[in-house]
1. Evaluate the stretch 4-25: report whether one residue or more is out of contact with any Gly (no Cβ under 6 Å at 6 or more places or on another chain), exposed (fewer than 10 other Cβ atoms within 10 Å of the Cβ), of a type outside the set (A, V, I, L, M, F, W, C) and closer than 30 Å to Glu103 by Cβ.
2. I'm checking my understanding of the structure. Among residues of the stretch 44-60 that are farther than 21 Å from Arg29 by Cα and touching a Pro at 6+ places or on another chain (Cβ under 9 Å), which one is surrounded by the most Cβ atoms within 10 Å (Cβ to Cβ)?
3. Go through the stretch 1-50 and report how many residues are out of contact with any strand residue (DSSP E or B) (no Cβ under 6 Å at 6 or more places or on another chain), part of a loop (DSSP other than H, G, I, E, B) and among the small types (Gly, Ala, Ser).
4. Under 9 Å between Cβ atoms, at least 6 apart or on separate chains: pull out the pairs that start in the stretch 60-74 with a residue that is of a type in the set (Val, Ile, Thr) and end on any residue that is part of a strand (DSSP E or B) and surrounded by 16 or more Cβ atoms within 10 Å (Cβ to Cβ).
5. List the residue pairs whose Cβ atoms are under 6 Å apart, where the first residue sits in the stretch 31-52 and is charged (D, E, K, R), the second is within 16 Å of ligand 2 (Cβ to nearest atom) and not in a loop (DSSP other than H, G, I, E, B), and the two are 6 or more positions apart or on different chains.
6. Being within 16 Å of ligand 2 (Cβ to nearest atom), basic (Lys, Arg) and within 13 Å of the chain's Cα centre (by Cα), is that true of even one residue in the stretch 89-98?
7. Restricting attention to the stretch 59-117, which residues are part of a helix (DSSP H, G or I), within 12 Å of ligand 1 (Cβ to nearest atom) and farther than 10 Å from Leu47 by Cβ?
Amino acid sequence: MTLEELLALASKGGKKATRYQQQSTGYERNIWVAELAKRLAKGQCQLCIQPAPFKNAKGEPYLETHHIVWLSKGGDDTSENTVALCPNCHKKMHIVDDSKDVELLKTRCQQLLEDLKL
Ligand SMILES: [Zn+2]
Ligand SMILES: [Zn+2]
């Protein structure tokens, strides 16, 4: 598609986005699993190992919890399957889901939990 064609399509239609109802499946999640993942991450993304990009309103580093094997693919809502990621890496996991990243996250997740047991 040329830029001109794209421009023509983008300019077509009204200015207001049309409202529609979206059906989505929600999951009842264990909030303590998420809390533990964030605590163990110590403010660092478990994929890029960078500090959280900003703090939330409470002044805590902002990280998002991610299930290494997605719940929608039968993954468990357990500490062994949950990591804390920065918003960029979280998005990346959902868009790319690179198997190398998945393995890396599994290893790091296990490491954190093992350190905890010592
Ligand atoms: Zn990251
Ligand atoms: Zn996720």
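1. Yes: the stretch 4-25 contains one or more residues that are out of contact with any Gly (no Cβ under 6 Å at 6 or more places or on another chain), exposed (fewer than 10 other Cβ atoms within 10 Å of the Cβ), of a type outside the set (A, V, I, L, M, F, W, C) and closer than 30 Å to Glu103 by Cβ.
2. In this case the residue turns out to be Ala52.
3. 5
4. Thr65/Thr82; Thr65/Val83; Thr65/Ala84; Thr65/Leu85; Ile68/Thr82; Ile68/Val83
5. Qualifying pairs under 6 Å: Lys38/Ala84.
6. Our first condition is that a residue be within 16 Å of ligand 2 (Cβ to nearest atom); within the stretch 89-98, this holds for 89-98.
Applying the additional criterion that residues be basic (Lys, Arg) yields 91-92.
Retained after the next criterion (residues that are within 13 Å of the chain's Cα centre (by Cα)): 91-92.
So far as the stretch 89-98 goes, yes, one or more of its residues are within 16 Å of ligand 2 (Cβ to nearest atom), basic (Lys, Arg) and within 13 Å of the chain's Cα centre (by Cα).
7. Of all residues in the stretch 59-117, those part of a helix (DSSP H, G or I) come to 71-73, 79-81, 87-95, 99-117.
Among the residues that remain, those that are also within 12 Å of ligand 1 (Cβ to nearest atom) are: 87-93, 101, 104-105, 108.
Passing the criteria: Pro87, Lys91.
All of the numbers you see were taken from the coordinates with simple rules; none came from a lab. Just so you know, these numbers come straight off a predicted model, no measurement behind them. Note that we place each Cβ from the backbone using ideal geometry, even for glycine, and neighbour counts take in every protein chain shown.
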